[in-house]
Amino acid sequence: MSPGGRLSALVLAASLFAPAESLDWAVQRRVQAERSPALDRVMEALTDGAKPPVVFGGLLLIAAFGGPAGPAIARHAIYALLPANLVVEVTKRAVDRQRPEGTHKRSNASFPSSHAANAAALAWVLGWHWRRAAPFLGALALAVAGSRIYLNRHFLSDVLVGVIIGVACGWLVTRTVGRGAAWASRDKRRVA
């Protein structure tokens, strides 16, 4: 592509994202205007609960105490988290968006939200294994994503794209796992 063509493509892309950025700032201003000290603690706890040491500690507990399926469930969650984080980190470096509170570091850019991606991936995989808990897990993932906007660490579009990435990675894992379980079931019937 010629330099003029690249510039035209960049201008077109920027014009397509302008309405989203306008919405991002409107939501950010509204949420920050409504903050309260009591809710700050809840939102900080949600964000802290989605940090890697807590997540991997929880997966270790699932593997150790989740019954016979525990190790497989923890493994499936990790299978969803790995590509979700890879996509998020590559995208963060490519987009290099400043965070709403003003910090700007390419390796920890605002877009997309890794907290939202990880929470959504985990909710999808764990909800697939524990169907009755799926609504609670989905609500918890959305609360984690919302906490990132509330705490002024991400814009609305950051968390929405993070959730999409997480759900896509979780869906791919459960689709693959489900297909593998169906194949194993067919093989057992053939042997019998």
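The values are calculated or read from the model by the stated rules, or taken from the named source; none is laboratory data. Source: prediction; values computed, not measured. FYI the Cβ positions are ideal-geometry reconstructions off the backbone, even for glycines, and counts take in every protein chain you see.
Tabulated values for the structure
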| quantity | calculated |
| --- | --- |
| Matching entry among R35, R30 (being in a loop (DSSP other than H, G, I, E, B), modelled with pLDDT of 90 or more and not small (G, A, S)) | R35 |
| Leading residue by the ranking (surrounded by the fewest Cβ atoms within 10 Å (Cβ to Cβ)) among those in segment 106-129 that are more than 24 Å from R35 (Cβ to Cβ) and without any contact (Cβ under 8 Å) to a residue 40 or more places away in the chain | S107 |
| L142 in a helix (DSSP H, G or I), out of contact with any strand residue (DSSP E or B) (no Cβ under 6 Å at 6 or more places or on another chain), within 25 Å of S22 (Cα to Cα) and free of Cβ contacts under 8 Å to residues at least 60 places away in the same chain | yes |
| Hits in segment 31-66 - residues which are closer than 16 Å to V159 by Cα and exposed (fewer than 11 other Cβ atoms within 10 Å of the Cβ) | none |
| Per-region count, segment 80-105, residues over 18 Å from A145 (Cα atoms) and either exposed (fewer than 14 other Cβ atoms within 10 Å of the Cβ) or of a type in the set (F, W, Y) (or both) | 9 |
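Residue by residue, here is whether (1) within 30 Å of P71 (Cβ to Cβ); (2) touching a Ser or Thr at 6+ places or on another chain (Cβ under 8 Å); (3) in a loop (DSSP other than H, G, I, E, B); (4) of a type in the set (A, V, I, L, M, F, W, C) holds:
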{"site": "K92", "(1), (2), (3), (4)": "no, yes, no, no"}
{"site": "S110", "(1), (2), (3), (4)": "no, no, yes, no"}
{"site": "A116", "(1), (2), (3), (4)": "yes, no, no, yes"}
{"site": "L126", "(1), (2), (3), (4)": "yes, no, no, yes"}
{"site": "L137", "(1), (2), (3), (4)": "yes, no, no, yes"}
{"site": "I149", "(1), (2), (3), (4)": "no, no, no, yes"}
{"site": "A168", "(1), (2), (3), (4)": "yes, no, no, yes"}
{"site": "T176", "(1), (2), (3), (4)": "yes, no, no, no"}
